[in-house]
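Contents: one structure, followed by commentary.
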Amino acid sequence: MTGTTETAAVKAATGTASQAPAPAPRPARLWRGATPWLFLLAPLALLIVFTYAPIANMVAYSFTDWDGVSPELRWTGTGNYAELFTRPEMFEVFWVSGYYLAASVIQIVAALYFATILSFDVRFRNFFKGVLFFPYLINGVAIGFVFLYFFQDGGTLDSVLGLLGVRTDRAWLGTPESANTSLAAVSVWRYLGLNFVLFLGAIQSIPGELYEAAELDGANRWHQFRHIIAPGIKPVLSLTVILSISGSLSVFEIPYIMTGGATGTETFVIQTVKLAFQFNKTGLASAAAIVLLLIVLAVTWVQRRLAPDDKVDLV
(Lines give C-alpha, C1' and ligand atoms only; values in the text may rest on other atoms or scores of the structure.)
Protein backbone atom coordinates (compact mmCIF):
# COMPACT_ATOMS: atom_id res chain seq x y z
CA MET A 1 0.00 0.00 0.00
CA THR A 2 2.87 2.37 0.83
CA GLY A 3 4.47 1.81 -2.58
CA THR A 4 1.19 2.45 -4.36
CA THR A 5 0.61 5.64 -2.42
CA GLU A 6 4.11 6.86 -3.22
CA THR A 7 3.60 6.13 -6.95
CA ALA A 8 0.33 8.04 -6.99
CA ALA A 9 1.96 10.92 -5.22
CA VAL A 10 4.78 11.00 -7.77
CA LYS A 11 2.28 11.01 -10.69
CA ALA A 12 0.28 13.78 -9.06
CA ALA A 13 3.42 15.81 -8.52
CA THR A 14 4.60 15.40 -12.10
CA GLY A 15 1.12 15.99 -13.56
CA THR A 16 0.94 12.63 -15.37
CA ALA A 17 -2.02 11.14 -13.52
CA SER A 18 -4.95 10.29 -15.83
CA GLN A 19 -3.96 12.84 -18.47
CA ALA A 20 -5.24 12.23 -21.98
CA PRO A 21 -2.65 12.37 -24.80
CA ALA A 22 -2.31 15.77 -26.34
CA PRO A 23 -4.23 16.14 -29.62
CA ALA A 24 -2.22 16.28 -32.81
CA PRO A 25 -1.62 19.74 -34.23
CA ARG A 26 -4.23 20.96 -36.70
CA PRO A 27 -1.86 20.88 -39.73
CA ALA A 28 -1.03 17.26 -38.94
CA ARG A 29 -4.71 16.33 -38.77
CA LEU A 30 -5.40 18.09 -42.05
CA TRP A 31 -2.48 16.34 -43.73
CA ARG A 32 -3.63 12.98 -42.40
CA GLY A 33 -7.11 13.53 -43.79
CA ALA A 34 -5.81 14.71 -47.16
CA THR A 35 -3.32 11.85 -47.65
CA PRO A 36 -5.84 9.31 -49.08
CA TRP A 37 -7.12 11.90 -51.56
CA LEU A 38 -3.57 12.64 -52.69
CA PHE A 39 -3.12 8.96 -53.54
CA LEU A 40 -6.43 9.00 -55.43
CA LEU A 41 -5.64 12.21 -57.30
CA ALA A 42 -3.72 10.62 -60.20
CA PRO A 43 -6.15 7.74 -60.94
CA LEU A 44 -9.16 10.04 -60.57
CA ALA A 45 -7.61 12.53 -62.97
CA LEU A 46 -6.93 9.79 -65.53
CA LEU A 47 -10.46 8.42 -65.10
CA ILE A 48 -12.03 11.83 -65.63
CA VAL A 49 -9.81 12.82 -68.57
CA PHE A 50 -9.94 9.54 -70.48
CA THR A 51 -13.41 8.20 -69.52
CA TYR A 52 -15.95 10.70 -68.25
CA ALA A 53 -14.83 13.69 -70.32
CA PRO A 54 -15.01 11.72 -73.62
CA ILE A 55 -18.43 10.38 -72.65
CA ALA A 56 -19.62 13.92 -71.96
CA ASN A 57 -18.25 15.06 -75.34
CA MET A 58 -19.92 12.12 -77.06
CA VAL A 59 -23.26 13.04 -75.51
CA ALA A 60 -22.80 16.63 -76.72
CA TYR A 61 -21.82 15.51 -80.24
CA SER A 62 -24.92 13.30 -80.45
CA PHE A 63 -27.05 16.45 -80.59
CA THR A 64 -25.09 17.93 -83.51
CA ASP A 65 -24.43 17.15 -87.16
CA TRP A 66 -20.64 17.21 -86.73
CA ASP A 67 -18.72 15.36 -89.44
CA GLY A 68 -15.65 14.73 -87.30
CA VAL A 69 -13.46 17.14 -89.28
CA SER A 70 -15.11 20.54 -89.55
CA PRO A 71 -14.53 22.96 -86.65
CA GLU A 72 -18.15 24.08 -86.93
CA LEU A 73 -20.96 22.32 -85.11
CA ARG A 74 -24.63 22.75 -85.90
CA TRP A 75 -27.15 21.94 -83.19
CA THR A 76 -29.76 19.44 -84.38
CA GLY A 77 -31.44 18.58 -81.10
CA THR A 78 -32.79 15.05 -81.05
CA GLY A 79 -32.59 14.72 -84.84
CA ASN A 80 -29.90 12.03 -84.72
CA TYR A 81 -31.91 9.92 -82.27
CA ALA A 82 -35.04 10.36 -84.39
CA GLU A 83 -33.11 9.17 -87.44
CA LEU A 84 -31.83 6.13 -85.56
CA PHE A 85 -35.25 4.99 -84.40
CA THR A 86 -36.90 5.64 -87.76
CA ARG A 87 -34.39 3.43 -89.58
CA PRO A 88 -35.08 -0.15 -88.45
CA GLU A 89 -32.26 -1.50 -90.60
CA MET A 90 -29.75 0.08 -88.22
CA PHE A 91 -30.92 -2.26 -85.45
CA GLU A 92 -31.12 -5.38 -87.61
CA VAL A 93 -27.40 -5.92 -87.01
CA PHE A 94 -28.27 -6.96 -83.47
CA TRP A 95 -29.32 -10.32 -84.94
CA VAL A 96 -25.61 -10.95 -85.45
CA SER A 97 -25.13 -10.57 -81.70
CA GLY A 98 -27.30 -13.66 -81.30
CA TYR A 99 -24.42 -15.81 -82.58
CA TYR A 100 -22.09 -14.39 -79.95
CA LEU A 101 -24.74 -14.69 -77.24
CA ALA A 102 -25.19 -18.38 -78.03
CA ALA A 103 -21.42 -18.79 -78.11
CA SER A 104 -21.12 -17.10 -74.71
CA VAL A 105 -23.38 -19.78 -73.22
CA ILE A 106 -21.01 -22.46 -74.51
CA GLN A 107 -18.09 -20.41 -73.25
CA ILE A 108 -19.49 -20.09 -69.71
CA VAL A 109 -20.35 -23.78 -69.50
CA ALA A 110 -16.91 -24.83 -70.78
CA ALA A 111 -15.10 -22.39 -68.46
CA LEU A 112 -17.07 -23.61 -65.45
CA TYR A 113 -16.39 -27.23 -66.38
CA PHE A 114 -12.64 -26.75 -66.70
CA ALA A 115 -12.48 -24.59 -63.58
CA THR A 116 -14.28 -27.24 -61.55
CA ILE A 117 -12.09 -30.07 -62.84
CA LEU A 118 -8.83 -28.18 -62.33
CA SER A 119 -9.81 -27.00 -58.86
CA PHE A 120 -9.33 -30.57 -57.66
CA ASP A 121 -6.02 -32.37 -57.41
CA VAL A 122 -5.42 -33.58 -60.96
CA ARG A 123 -2.17 -34.17 -62.82
CA PHE A 124 -0.67 -31.33 -64.87
CA ARG A 125 -3.37 -28.93 -63.68
CA ASN A 126 -1.00 -25.95 -63.70
CA PHE A 127 -0.09 -26.73 -67.28
CA PHE A 128 -3.73 -26.85 -68.34
CA LYS A 129 -4.45 -23.62 -66.46
CA GLY A 130 -1.80 -21.89 -68.54
CA VAL A 131 -3.07 -23.42 -71.77
CA LEU A 132 -6.61 -22.23 -71.11
CA PHE A 133 -5.66 -18.71 -70.03
CA PHE A 134 -2.98 -18.07 -72.66
CA PRO A 135 -5.34 -17.05 -75.54
CA TYR A 136 -6.70 -14.18 -73.43
CA LEU A 137 -3.19 -12.71 -73.21
CA ILE A 138 -2.75 -12.52 -76.99
CA ASN A 139 -3.50 -9.26 -78.77
CA GLY A 140 -6.90 -9.24 -80.48
CA VAL A 141 -5.46 -7.99 -83.77
CA ALA A 142 -3.00 -10.89 -83.86
CA ILE A 143 -5.81 -13.35 -83.13
CA GLY A 144 -7.86 -11.88 -85.96
CA PHE A 145 -5.07 -12.30 -88.50
CA VAL A 146 -4.19 -15.81 -87.29
CA PHE A 147 -7.76 -17.06 -87.68
CA LEU A 148 -8.19 -15.19 -90.94
CA TYR A 149 -5.56 -17.51 -92.43
CA PHE A 150 -7.00 -20.41 -90.44
CA PHE A 151 -10.44 -20.12 -92.09
CA GLN A 152 -9.44 -19.01 -95.58
CA ASP A 153 -9.87 -21.33 -98.57
CA GLY A 154 -7.10 -23.92 -98.50
CA GLY A 155 -5.96 -22.61 -95.12
CA THR A 156 -5.06 -24.38 -91.91
CA LEU A 157 -8.53 -25.74 -91.21
CA ASP A 158 -8.93 -27.20 -94.69
CA SER A 159 -5.43 -28.70 -94.48
CA VAL A 160 -6.15 -30.38 -91.14
CA LEU A 161 -9.47 -31.71 -92.40
CA GLY A 162 -7.68 -33.01 -95.51
CA LEU A 163 -5.21 -34.94 -93.34
CA LEU A 164 -8.19 -36.52 -91.59
CA GLY A 165 -9.68 -37.57 -94.92
CA VAL A 166 -12.42 -34.91 -94.93
CA ARG A 167 -12.62 -33.07 -98.24
CA THR A 168 -14.49 -29.79 -98.25
CA ASP A 169 -14.68 -26.86 -100.60
CA ARG A 170 -16.70 -24.78 -98.18
CA ALA A 171 -15.89 -21.10 -97.78
CA TRP A 172 -15.88 -20.75 -94.01
CA LEU A 173 -16.21 -16.96 -94.20
CA GLY A 174 -18.25 -16.90 -97.40
CA THR A 175 -21.83 -17.03 -96.09
CA PRO A 176 -23.44 -15.18 -93.17
CA GLU A 177 -24.22 -18.36 -91.24
CA SER A 178 -20.79 -19.99 -91.52
CA ALA A 179 -18.94 -16.68 -91.12
CA ASN A 180 -20.78 -15.66 -87.96
CA THR A 181 -20.45 -19.16 -86.54
CA SER A 182 -16.70 -19.15 -87.22
CA LEU A 183 -16.24 -15.69 -85.71
CA ALA A 184 -18.24 -16.66 -82.63
CA ALA A 185 -16.05 -19.75 -82.23
CA VAL A 186 -12.96 -17.55 -82.30
CA SER A 187 -14.53 -15.37 -79.62
CA VAL A 188 -15.12 -18.43 -77.44
CA TRP A 189 -11.50 -19.51 -77.86
CA ARG A 190 -10.19 -16.09 -76.94
CA TYR A 191 -12.33 -15.24 -73.91
CA LEU A 192 -12.66 -18.71 -72.41
CA GLY A 193 -9.58 -18.07 -70.28
CA LEU A 194 -11.06 -14.97 -68.65
CA ASN A 195 -14.19 -16.76 -67.45
CA PHE A 196 -12.07 -19.75 -66.48
CA VAL A 197 -9.89 -17.63 -64.17
CA LEU A 198 -12.93 -15.92 -62.63
CA PHE A 199 -14.58 -19.26 -61.87
CA LEU A 200 -11.36 -20.83 -60.64
CA GLY A 201 -10.72 -17.99 -58.21
CA ALA A 202 -14.26 -18.22 -56.88
CA ILE A 203 -14.04 -21.98 -56.43
CA GLN A 204 -10.68 -21.80 -54.67
CA SER A 205 -12.06 -19.22 -52.24
CA ILE A 206 -14.49 -21.82 -50.87
CA PRO A 207 -13.15 -23.24 -47.55
CA GLY A 208 -11.56 -26.65 -47.95
CA GLU A 209 -13.24 -27.90 -44.78
CA LEU A 210 -16.53 -28.03 -46.66
CA TYR A 211 -15.12 -30.52 -49.16
CA GLU A 212 -13.66 -32.66 -46.37
CA ALA A 213 -16.98 -32.71 -44.53
CA ALA A 214 -18.81 -33.58 -47.74
CA GLU A 215 -16.43 -36.47 -48.45
CA LEU A 216 -16.96 -37.79 -44.92
CA ASP A 217 -20.70 -37.73 -45.58
CA GLY A 218 -20.18 -39.74 -48.77
CA ALA A 219 -20.74 -36.95 -51.29
CA ASN A 220 -19.26 -37.50 -54.74
CA ARG A 221 -17.89 -34.82 -57.09
CA TRP A 222 -21.30 -34.04 -58.56
CA HIS A 223 -22.83 -33.54 -55.11
CA GLN A 224 -19.92 -31.29 -54.13
CA PHE A 225 -20.44 -29.21 -57.23
CA ARG A 226 -24.20 -28.98 -56.79
CA HIS A 227 -24.31 -28.17 -53.09
CA ILE A 228 -20.97 -26.42 -52.45
CA ILE A 229 -19.45 -25.01 -55.63
CA ALA A 230 -22.59 -23.81 -57.43
CA PRO A 231 -23.95 -21.77 -54.49
CA GLY A 232 -20.48 -20.43 -53.69
CA ILE A 233 -19.81 -19.02 -57.16
CA LYS A 234 -23.23 -17.47 -57.72
CA PRO A 235 -21.96 -13.83 -57.57
CA VAL A 236 -19.18 -14.59 -60.06
CA LEU A 237 -21.59 -16.44 -62.32
CA SER A 238 -23.83 -13.37 -62.33
CA LEU A 239 -20.84 -11.22 -63.24
CA THR A 240 -19.85 -13.46 -66.16
CA VAL A 241 -23.41 -13.38 -67.50
CA ILE A 242 -23.39 -9.58 -67.44
CA LEU A 243 -20.00 -9.47 -69.18
CA SER A 244 -21.14 -11.99 -71.77
CA ILE A 245 -24.33 -10.13 -72.63
CA SER A 246 -22.63 -6.73 -72.84
CA GLY A 247 -19.78 -8.25 -74.85
CA SER A 248 -22.20 -9.92 -77.28
CA LEU A 249 -23.93 -6.60 -77.91
CA SER A 250 -20.68 -4.69 -78.45
CA VAL A 251 -18.56 -7.12 -80.48
CA PHE A 252 -16.06 -5.29 -82.66
CA GLU A 253 -12.46 -6.43 -82.81
CA ILE A 254 -12.54 -9.92 -84.27
CA PRO A 255 -15.23 -9.43 -86.97
CA TYR A 256 -13.79 -6.06 -87.99
CA ILE A 257 -10.33 -7.51 -88.56
CA MET A 258 -11.38 -10.78 -90.17
CA THR A 259 -14.25 -9.65 -92.40
CA GLY A 260 -14.63 -5.90 -91.98
CA GLY A 261 -18.34 -6.47 -91.46
CA ALA A 262 -18.81 -8.14 -94.86
CA THR A 263 -20.93 -11.23 -95.62
CA GLY A 264 -23.51 -10.35 -92.97
CA THR A 265 -21.06 -10.12 -90.06
CA GLU A 266 -21.50 -6.41 -89.35
CA THR A 267 -22.20 -5.66 -85.70
CA PHE A 268 -23.68 -2.53 -84.18
CA VAL A 269 -20.25 -1.24 -83.17
CA ILE A 270 -18.79 -1.81 -86.65
CA GLN A 271 -21.78 0.03 -88.09
CA THR A 272 -21.18 2.90 -85.68
CA VAL A 273 -17.49 3.10 -86.59
CA LYS A 274 -18.34 3.21 -90.28
CA LEU A 275 -20.85 6.01 -89.69
CA ALA A 276 -18.16 8.07 -87.97
CA PHE A 277 -15.06 7.42 -90.08
CA GLN A 278 -16.39 6.25 -93.45
CA PHE A 279 -19.50 8.36 -93.90
CA ASN A 280 -18.31 11.28 -91.71
CA LYS A 281 -21.46 11.27 -89.59
CA THR A 282 -19.87 11.63 -86.18
CA GLY A 283 -22.99 13.14 -84.65
CA LEU A 284 -25.14 10.21 -85.73
CA ALA A 285 -22.44 7.74 -84.65
CA SER A 286 -22.28 9.38 -81.23
CA ALA A 287 -26.04 8.99 -80.87
CA ALA A 288 -25.72 5.31 -81.84
CA ALA A 289 -23.00 4.82 -79.23
CA ILE A 290 -25.19 6.42 -76.56
CA VAL A 291 -28.09 4.16 -77.53
CA LEU A 292 -25.83 1.10 -77.26
CA LEU A 293 -24.63 2.24 -73.84
CA LEU A 294 -28.21 2.65 -72.65
CA ILE A 295 -29.14 -0.79 -74.00
CA VAL A 296 -26.24 -2.43 -72.15
CA LEU A 297 -27.15 -0.60 -68.92
CA ALA A 298 -30.80 -1.60 -69.29
CA VAL A 299 -29.93 -5.26 -69.89
CA THR A 300 -27.60 -5.22 -66.89
CA TRP A 301 -30.30 -3.66 -64.70
CA VAL A 302 -32.87 -6.26 -65.76
CA GLN A 303 -30.41 -9.07 -65.15
CA ARG A 304 -29.59 -7.76 -61.67
CA ARG A 305 -33.28 -7.45 -60.86
CA LEU A 306 -34.05 -10.97 -62.03
CA ALA A 307 -31.01 -12.53 -60.33
CA PRO A 308 -29.87 -10.31 -57.45
CA ASP A 309 -26.57 -11.03 -55.77
CA ASP A 310 -27.63 -12.51 -52.46
CA LYS A 311 -25.02 -12.97 -49.77
CA VAL A 312 -23.69 -16.53 -49.88
CA ASP A 313 -22.93 -18.16 -46.54
CA LEU A 314 -21.72 -21.71 -46.92
CA VAL A 315 -20.36 -22.13 -43.40
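Checked across the stretch 178-193, the condition of being in contact (Cβ under 8 Å) with a residue 60 or more places away in the chain, out of contact with any helix residue (DSSP H, G or I) (no Cβ under 8 Å at 6 or more places or on another chain) and closer than 27 Å to Ile295 by Cβ holds for at least one residue. If you go through the stretch 109-131 and keep only what is in contact (Cβ under 8 Å) with a residue 60 or more places away in the chain and under 20 Å from the mean Cα position of the chain (by Cα), you end up with Ala110, Ala111, Leu112, Phe114, Ala115, Lys129.
Residue count for the stretch 220-236 under the criterion of being without any contact (Cβ under 8 Å) to a residue 60 or more places away in the chain, part of a helix (DSSP H, G or I) and open to solvent by 50 Å² or more (accessible area, probe 1.4 Å): the result is 4. Checking Phe134, Phe199 one by one, the residue that is aromatic (Phe, Trp, Tyr), assigned to a helix (DSSP H, G or I) and in contact with a helix residue (DSSP H, G or I) (Cβ under 6 Å, 6 or more places away or on another chain) is Phe199 and no other. Filtering Asp153, Asp169, Asp158 for residues that are over 25 Å from Ala110 (Cα atoms) and either under 18 Å from the mean Cα position of the chain (by Cα) or buried (at least 16 other Cβ atoms within 10 Å of the Cβ) (or both) leaves a single hit, Asp158. When you check Ser182 against the structure, is it under 29 Å from Arg304 (Cβ atoms) and of a type in the set (Ser, Thr, Tyr), yes or no? Considered against the rule, which asks whether it is under 29 Å from Arg304 (Cβ atoms) and of a type in the set (Ser, Thr, Tyr), Ser182 comes out as no. Take Ile270 and decide whether it is open to solvent by less than 60 Å² (accessible area, probe 1.4 Å), more than 16 Å from Phe94 (Cα to Cα), of a type in the set (A, V, I, L, M) and part of a helix (DSSP H, G or I). No, not satisfied. Against the list (1) open to solvent by 40 Å² or more (accessible area, probe 1.4 Å); (2) touching a Gly at 6+ places or on another chain (Cβ under 9 Å); (3) closer than 25 Å to Ile245 by Cα; (4) not β-branched (Val, Ile, Thr), the condition Asn180 fails is (1). Could you list, in sequence order, the residues of the stretch 109-127 that are within 17 Å of Arg190 (Cβ to Cβ) and surrounded by fewer than 19 Cβ atoms within 10 Å (Cβ to Cβ)? The answer is Val109, Ala110. Can you tell me which residues in the stretch 46-80 are under 17 Å from Phe279 (Cα atoms), among the hydroxyl-bearing types (Ser, Thr, Tyr) and surrounded by 15 or more Cβ atoms within 10 Å (Cβ to Cβ)? Hits for the stretch 46-80 are Tyr61, Ser62, Thr64. Within the stretch 45-70, the residues that satisfy the criterion of being under 25 Å from Leu84 (Cα atoms), under 27 Å from the mean Cα position of the chain (by Cα) and not aromatic (Phe, Trp, Tyr) are Thr51, Ala53, Pro54, Ile55, Ala56, Asn57, Met58, Val59, Ala60, Ser62. Could you tell me whether any residue of the stretch 82-95 is surrounded by 12 or more Cβ atoms within 10 Å (Cβ to Cβ), of a type in the set (S, T, N, Q), at negative phi and at pLDDT 85 or above? No, the stretch 82-95 contains no residue that is surrounded by 12 or more Cβ atoms within 10 Å (Cβ to Cβ), of a type in the set (S, T, N, Q), at negative phi and at pLDDT 85 or above. State whether the residues of the stretch 190-201 include one that is farther than 29 Å from Ala262 by Cβ, out of contact with any Lys or Arg (no Cβ under 7 Å at 6 or more places or on another chain), of a type in the set (A, V, I, L, M) and open to solvent by less than 40 Å² (accessible area, probe 1.4 Å). Yes; the residues of the stretch 190-201 include at least one that is farther than 29 Å from Ala262 by Cβ, out of contact with any Lys or Arg (no Cβ under 7 Å at 6 or more places or on another chain), of a type in the set (A, V, I, L, M) and open to solvent by less than 40 Å² (accessible area, probe 1.4 Å).
Against the condition closer than 30 Å to Glu83 by Cβ, touching a residue at least 60 places away in the same chain (Cβ under 8 Å) and either open to solvent by 40 Å² or more (accessible area, probe 1.4 Å) or not hydrophobic (A, V, I, L, M, F, W, C) (or both), how does Thr300 come out, does it pass? No, not satisfied. Within the stretch 28-64, the residues that satisfy the criterion of being assigned to a helix (DSSP H, G or I) and hydroxyl-bearing (Ser, Thr, Tyr) are Thr35, Thr51, Tyr52, Tyr61.
The values are calculated or read from the model by the stated rules, or taken from the named source; none is laboratory data. Here the structure is a predicted model, which is why all the values come from computation and not from measurement. Quick reminder, even Gly has a Cβ in these numbers, built from the backbone with ideal geometry, and neighbours come from all protein chains shown. Quick note on the areas: whole protein, heavy atoms, side chains included, nothing else; ligands and nucleic acids left out. Shrake-Rupley method; radii C 1.70, N 1.55, O 1.52, S 1.80 Å.
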